[in-house]
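A short write-up of the structure that comes next.
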Amino acid sequence: MEVRNATGPPPSPSPPSSKQPRPPPNPVDSTSVSQRLQKELMSLMMSGSDGVSAFPEGENIFSWVGTIVGGKGTPYEGLPYKLSLRFPLDYPFKPPQVKFETPCFHPNVDQYGHICLDILQDMWSSAYDCRTVLLSIQSLLGEPNVDSPLNSYAATLWN
């Protein structure tokens, strides 16, 4: 025998309480990122010297010190520049933060060493690696994008 409420339809189930525990966010697998960075380090070391190098800073695989040498035929020819590279925990799906530690007067480098380079922003691809980043910055030294300057004075002089 079924009993019904005479005043209306059966009550609907109550909505879930907002105080119920939520599932934890997907944890970042820092081990796979570390392994990728170690492979990139080995590849960079084995590729020989083409004017770029980088090594982890101390024991932290996510923080590197890089060096690029200005390319032939550029105003920066033969000049060594020190860079800092900070890899996020979601690398390679997000680009590393890269900046010049050695002062660099260039249209696409600001006074703090920040670099305006599309592959470090919206054109990043997980297929890129540290060597690609360093070679791109080295190339940028000789071929600046004066249409998107961080240092407008340097861009004016370049033209």
Practice item. Can you tell me which residue within the stretch 34-84, out of those that are of a type in the set (Val, Ile, Thr) and out of contact with any strand residue (DSSP E or B) (no Cβ under 8 Å at 6 or more places or on another chain), is surrounded by the fewest Cβ atoms within 10 Å (Cβ to Cβ)? Key: 74
**Study point:** Selection count, the stretch 103-159, where residues are at negative phi and either in contact with a His (Cβ under 6 Å, 6 or more places away or on another chain) or not aliphatic (A, V, I, L, M) (or both)
**Key:** 39
Exercise for review: Specify which of the listed residues (134, 140, 44) is under 30 Å from residue 29 (Cα atoms), modelled with pLDDT of 95 or more, more than 11 Å from the chain's Cα centre (by Cα) and outside any loop (DSSP other than H, G, I, E, B).
Suggested key: 134
Review point. What tally of residues in the stretch 85-106 results from selecting those that are part of a loop (DSSP other than H, G, I, E, B), in contact with a Ser or Thr (Cβ under 8 Å, 6 or more places away or on another chain) and either crowded, with 20+ Cβ neighbours inside 10 Å or free of Cβ contacts under 8 Å to residues at least 60 places away in the same chain (or both)?
Key: 4
Exercise for review: Might you check whether a residue that is at pLDDT 95 or above, over 25 Å from the mean Cα position of the chain (by Cα) and within 30 Å of residue 139 (Cα to Cα) occurs anywhere in the stretch 77-88?
Suggested key: yes
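The values are calculated or read from the model by the stated rules, or taken from the named source; none is laboratory data. Predicted, not measured: the structure shown is a model, and the values here were computed from it. Cβ atoms come from the backbone with ideal geometry, glycine included; neighbour counts cover every protein chain shown.
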